[in-house]
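Colleague: The following block contains the structure, expressed as structure tokens.
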Amino acid sequence: MANVTLRNVRKTYTGGFEAIKGVNVDVGDGQFCVLVGPSGCGKSTLLRMVAGLETVTGGEIDIGGKVVNQVEPADRDIAMVFQNYALYPHMSVFNNMAYGLRNRGMKEAEIKTRVEEAARVLELSAMLERKPRQLSGGQRQRVAMGRAIVRQPKVFLFDEPLSNLDAKLRIAMRVEIRKLQRRLNVTSIYVTHDQLEAMTLADILVVMNGGQVEQIGNPLAIYEKPATTFVASFIGAPPMNLMATRADEIKSQLGGSAGDAGILGIRPEDFVITDQTPAGGVALSLTVEAIERVGAETFVYGARAEEEQHVAATPGELPPGEIIVRIPGTEAPAIGEKIRVAAVRSKLHLFSGDGRKRVEA
Amino acid sequence: MQKQPIFRSKLLPYALVAPQLAIVLIFFYWPALQAVIQSFLLQDAFGLSTSFVWFENYVELFSEPAYFETIVRTFFFSFAIAASSLSVALLLAVMADKPLRGGAIYRTLLIWPYAVAPPVVGVLWVFMLHPSLGVLSRYLRAAGIEWNPLLDGDQAATLVILAAAWKQISYNFLFFLAGLAAIPKSVLEAAAIDGARPMRRFWTVTFPLLSPTIFFLLVVNIVYAFFDTFGIIDTMTRGGPGKSTETLVYKVYNDGLIGGNLGSSAAQSVILMIMVIVLTGIQFRFVERKVTY
């Protein structure tokens, strides 16, 4: 059991490209930390640095109170699950799991006990003699998990372990991984680009962008108070509606210290269709352009009415002027219909004009 | 799927494959057929009359202890050449596969020797190791080694094996490099995390995953050592001293073209032909089954 602490960790490649620009993360013993971000944000590189597969060019990586910057992967007492599982194709399932134990000189009897126990937990007992190519994707994934758990390491590292599975299996395995980690109580670091996976798995969520940490914290805390517009649009699906506004407008509408804000954010689920404007809140007139009905809920894509376009352009993923509204599945306006939506004061998120800072009103 | 013939004329497809077929027929099948026929014939000493003798050439060949010696020698040469060139090439490939500065230059240089023609290889090594001219010979003699491959059969054999193996290293190197590139990096990383040191990683992961490549190269190298070493042997030792470097192929040439015993020579080539068919058959069978690991 161990803490993992990253202190101002940096990675600069020989070409001068800075992949990791000083990251500080503290993962407590037995905690499940998820690194999330778009592709190329450096999350996998960071994980590989913890594993010892990439050199550290600055800062310190500390596992269990020991700086491991110069320690070989084998001696860090970690186990890793790779995206493509990285099973040994020429070895049986049993030998795949036993390999790491044999390398450490464990007795065959003990190896047999451990592998059979792991196989039982992962429902692989009937497949111990098979080769990886005779297994399905989900089974291979479980072998990769088994290979990690038989070692009983201090830290588990997961590099997008579910991204090669189909959607249904991915959800099932996500739950399995979380249950397993809780039961074994092993400190884990998990990399994913899927915000839903990140939200559901994490004790600590680290949102990364461009080699930097945008925000660290409890997933729900991040959802409720995103620190930047990047986090606001990355965490939560569909993404938060972001509208650039003029400071004086916001000031006149919301008053107080909100004057520093340049961007207003409202989550789709925080809108209600109503003709009233809540006190201190925001109301918008929309023309319905598209509707997605998914059963329990309905997503309404609307364009803001002309007179409401006091806001220039919308940053984030939305096209200019488009607003997503999430409403219960029982309601559905017609396409082309004009509706009025409103959000209460407490549901408004304000950010500085460059989107880098949250403004508390 | 379109199953209709694309060509309107019936003759055009035949005309298009004709040049290739002609080459194969004239330069491969015709001589092969000639050899088979020749192996059943016996000419008198002056070449005035030829008689059909059925399997007499073969019977005579197999009653000759010298022929068996040549077979054993050829197998020894093949084994030695294949083993040495494969192991050196594998070592070099593993080294060159590491991310090195200027790695591409090393790799290119290591592939170059393959472009050298076998007789030129022979000449190169002769120059280096000739008892009176060779640069290396002088050092060997200075080190107290009695080096004279012109008189010492074992030394001549060593020289031929050395030159032939050297020439083949590049080819093997190229295949090993490709084989190494096909091993997913993450598998080796997983092994590193699983606590396997570099040497153990090589023997328990890399080597087994290379086994299809190794098997393929083993067959190719044996075929090479059987047949393509002719040029090297001819320029270096001409099969001598004595018969110490005479392989099966060289004996075909020696007995037939030099010794004038066309019947026996043809019988030997037919035997060689059967050997190469068997080797190729083995190779195809295993390559198709991909040598399971």
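Colleague: If I ask for residues that are in contact with a Ser or Thr (Cβ under 8 Å, 6 or more places away or on another chain) and touching a residue at least 60 places away in the same chain (Cβ under 8 Å), which ones from region B:180-194 would you list?
Modeller: B:180
Colleague: Follow-up. Condition first: of a type in the set (Gly, Ala, Ser), more than 20 Å from residue B:87 (Cβ to Cβ) and more than 12 Å from chain A (Cβ to nearest Cβ). Now tell me which residues in region B:194-241 satisfy that.
Modeller: Selection gives B:231, B:239, B:240.
Colleague: What's the total number of residues in region A:7-46 that are touching a strand residue (DSSP E or B) at 6+ places or on another chain (Cβ under 9 Å) and within 14 Å of chain B (Cβ to nearest Cβ)?
Modeller: Count: 3.
Colleague: If residue B:137 passes every condition in (1) crowded, with 16+ Cβ neighbours inside 10 Å; (2) within 14 Å of chain A (Cβ to nearest Cβ); (3) on the phi < 0 side of the Ramachandran plot but one, which one does it miss?
Modeller: Failing condition for residue B:137: (2).
Colleague: While we're here: Please verify whether residue B:92 is at pLDDT 80 or above and surrounded by 13 or more Cβ atoms within 10 Å (Cβ to Cβ), treating the condition exactly as stated.
Modeller: yes
Colleague: Just need a number here: residues in region A:104-120 that are under 34 Å from the mean Cα position of the chain (by Cα) and buried (at least 17 other Cβ atoms within 10 Å of the Cβ).
Modeller: 4
Colleague: Any residue that is buried (at least 22 other Cβ atoms within 10 Å of the Cβ), more than 9 Å from every other protein chain (Cβ to nearest Cβ), β-branched (Val, Ile, Thr) and under 23 Å from residue A:166 (Cβ atoms) - is there at least one of those in region A:134-146?
Modeller: Checking region A:134-146: at least one residue is buried (at least 22 other Cβ atoms within 10 Å of the Cβ), more than 9 Å from every other protein chain (Cβ to nearest Cβ), β-branched (Val, Ile, Thr) and under 23 Å from residue A:166 (Cβ atoms).
Colleague: Of the numbered conditions (1) of a type in the set (Gly, Ala, Ser); (2) within 14 Å of chain A (Cβ to nearest Cβ); (3) out of contact with any helix residue (DSSP H, G or I) (no Cβ under 9 Å at 6 or more places or on another chain); (4) closer than 30 Å to residue A:45 by Cβ, residue B:181 fails exactly one; give the number of that condition.
Modeller: So residue B:181 meets the others, but not (2).
Residues are listed down the side, and each one gets a yes or a no for (1) more than 13 Å from every other protein chain (Cβ to nearest Cβ); (2) touching a residue at least 40 places away in the same chain (Cβ under 8 Å):
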{"position": "A:48", "(1), (2)": "no, yes"}
{"position": "A:53", "(1), (2)": "no, no"}
{"position": "A:57", "(1), (2)": "yes, yes"}
{"position": "A:64", "(1), (2)": "yes, yes"}
{"position": "A:78", "(1), (2)": "no, yes"}
{"position": "A:83", "(1), (2)": "no, yes"}
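Colleague: Is it the case that residue A:328 is modelled with pLDDT of 80 or more and not charged (D, E, K, R)?
Modeller: Against the criterion (modelled with pLDDT of 80 or more and not charged (D, E, K, R)), residue A:328 qualifies.
The values are calculated or read from the model by the stated rules, or taken from the named source; none is laboratory data. Here the structure is a predicted model, which means the values were calculated and not measured. Cβ coordinates were reconstructed from backbone atoms using ideal geometry, including for glycine residues, and neighbour counts include every protein chain displayed.
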